[in-house]
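Values quoted throughout were computed directly from the atomic coordinates according to the rules given, and no laboratory measurement underlies them. As the structure is a prediction and not an experimental result, all values here were calculated from the model. We place every Cβ from the backbone using ideal geometry, glycine too, and count neighbours over all the protein chains shown.
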Amino acid sequence: MDSQQATKESFASNAAVLAKFRDLDQRGKIMAEYIWIDAEGNTRSKSRTLEEKPEGYKPEDLPIWNFDGSSTGQAPGDNSDVYLKPVAVYPDPFRPPHNILVLAECWDADDTPNKYNHRHECVKLMELHAKHEPWFGLEQEYTLLDLNDRPYGWPQNGYPAPQGPYYCGVGAGKVVMRDIVEAHYRACLYAGVKISGTNAEVMPAQWEFQVGPCTGIEMGDQLWLARFLLDRVAEEFAVKVSLDPKPIPGDWNGAGLHSNFSTVEMRKEGGMKHIEAAIKKLEGRHKEHIAVYGEGNEKRLTGRHETGAIDTFTYGVANRGASIRIPRECAAKGYGYFEDRRPASNADPYLITGIIMETCFGAVDD
Ligand code: ADP
Ligand code: MN
Ligand code: MN
Ligand code: MN
Ligand code: MN
């Protein structure tokens, strides 16, 4: 799209016109929006009509579908069918009250997981180590951009005043597009996403939402759904969502995906020794974790702007400049959870939660 022509008016949806059609009777049919993850870590989706409402939202009751993988970089043109296997179903906040969102895994024609299907391995790790009852809570930071890829509300030439007033900011000039944050929050609650909160971030036009605690594979599923909902909500405002870990170079905070983690053992009295044992294991596989913690993360993990440096593993109580932070309250109680601060905003939650399980409790083939 030509950015010269890209005005808000030309791309935003027209709520008043759409409202005329929204209440038309669907004659008992259900609209199902199938959602998948593409080669670049974006969500894609397409719709199909179901004859009736599936009972109890069970994914196994929904049809397997397919798409043209050569158009998404997920398959070659001469063997382009990629299959969509439903794995989770949610009420659709954009088409209430009976229509559904269907999160799907991508599978190739030879019945092996597609190269970009990171969920499949993650499920195996979660099942193998289920007795530890892993809980995750992910903090998704993101930046809102205008249609010319400038952080929303920033001057076209030049910069806003330095960081300071924006984090958890209240008032004009400190935050932008709170409507998107509010609408996304509601959409998540409607869909059943365990969104646990939101806040404005340190860099202007940057926000965060948290999802969790979620058990096992539910974490990746819910975070991907929440990302889809955010892109869809922002689309209605003709605003772009960027998961770039360092959208603006220099003295501006990057964007992360802090990953909080605990097991049943860590959450009990005396849990600190299990937390410390897990941190020791993470230390031994720092490089392997960084490899799957997001692209461009080296621009963010500089040791400044509340990050640890990318090439050293550090941990500490209440330390926001470390790789791993043990929250003050947990240290005081002697049990609870810890925060892995290394993952970048654009990392895949299936890869993050999967490698944490693998490092702490062993690989699937061990
Ligand atoms: P921060 O102080 O780092 O900004 P947030 O409040 O933004 O922390 O996010 C904390 C996240 O940790 C939330 O998603 C929350 O659900 C999650 N969380 C809380 N307790 C646990 C736990 N015991 N195990 C795993 N995650 C947890
Ligand atoms: Mn076609
Ligand atoms: Mn946070
Ligand atoms: Mn944050
Ligand atoms: Mn955090």
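Miscellaneous remarks
- For the chain, the Kirkwood radius over C-alpha pairs fed into Stokes-Einstein at 20 °C and 1.002 mPa s yields D = 98 µm² per second.
- Residues Val364, Val233, Val82, Val202 arranged by fewest to most Cβ contacts within 10 Å: Val364, Val202, Val233, Val82
- Considering only Cys188, Cys168, Cys214, the mean-square fluctuation computed in a Gaussian network model of the chain, springs between alpha carbons under 10 angstrom, is largest for Cys168.
- Computed over segment 259-364: relative contact order in percent, which uses C-alpha pairs under 8 Å that are six or more apart: 34
- Annotation: peptides 43-52, 23-32, 337-346, ranked by per-residue average of other Cβ atoms within 10 Å with the highest first, follow the order 337-346, 43-52, 23-32.
- Taking the charge dipole of the chain about its Cα centre, with +1 at Lys and Arg Cβ atoms and -1 at Asp and Glu Cβ atoms, the residue from Gly284, Ala88, Phe67 reaching farthest to the positive side is Gly284.
- Estimated distance in nm for a label pair at Thr112 and Ser70, the labels positioned 7 Å out from Cα along Cα-to-Cβ: 2.1
- Dipole of the chain, positive direction: furthest Cα of Gly254, Leu103, Asn42, with charges on the beta-carbon: Gly254
- Legend: Rg and Dmax of segment 175-296, from Cα coordinates, 16.8, 50 Å.
- Nitroxide proxy distance, nm - points 7 Å out along Cα→Cβ at Glu329 and Asp23: 4.4
- The chain: most fluctuating residue of Asn117, Asn14, Asn297 per GNM, C-alpha cutoff 10 Å: Asn14
- Contour minus Cα-Cα distance for Cys168 and Glu55 (0.36 nm per residue): 36.5 nm
- Counting only residues at least eight positions apart within a chain, or on another chain, the lysines with an alpha carbon under 26 Å from that of Lys273 are Lys131, Lys281, Lys287, Lys333.
- Share of alpha-carbon pairs per 10 Å distance bin for segment 75-134, given as whole %: 20, 34, 31, 16, 1
- When only alpha carbons are used to place a centre, segment 123-200 and segment 258-334 end up 21 Å from one another.
- Arranged from fewest to most other beta-carbon atoms within 10 Å of their beta carbon, Glu235, Glu33 become Glu235, Glu33.
- Shape call, segment 270-366: gyration tensor on alpha carbons, a/c limit 1.5: oblate
- FRET efficiency, Thr198 to Asp78 (Cβ-Cβ, R0 51 Å, nearest 0.05): 0.65
- Taking other C-beta atoms within 10 angstrom as a stand-in for reagent exposure, Ile217, Ile64 fall in the order Ile64, Ile217, fewest first.
- Taking the Cα atoms of segment 208-249, the ratio Rg/Rh between the radius of gyration and the Kirkwood radius comes to 1.05.
- Gain upon complete extension [Lys287, Ala161; 0.36 nm per residue less C-alpha separation]: 41.7 nm
- Karplus (6.51, -1.76, 1.60) ³J(HN,Hα), θ = phi - 60°, over segment 43-54, in Hz, Gly and Pro reported as x: 8, 10, 7, 8, 10, 9, 9, 9, 5, 8, 5, x
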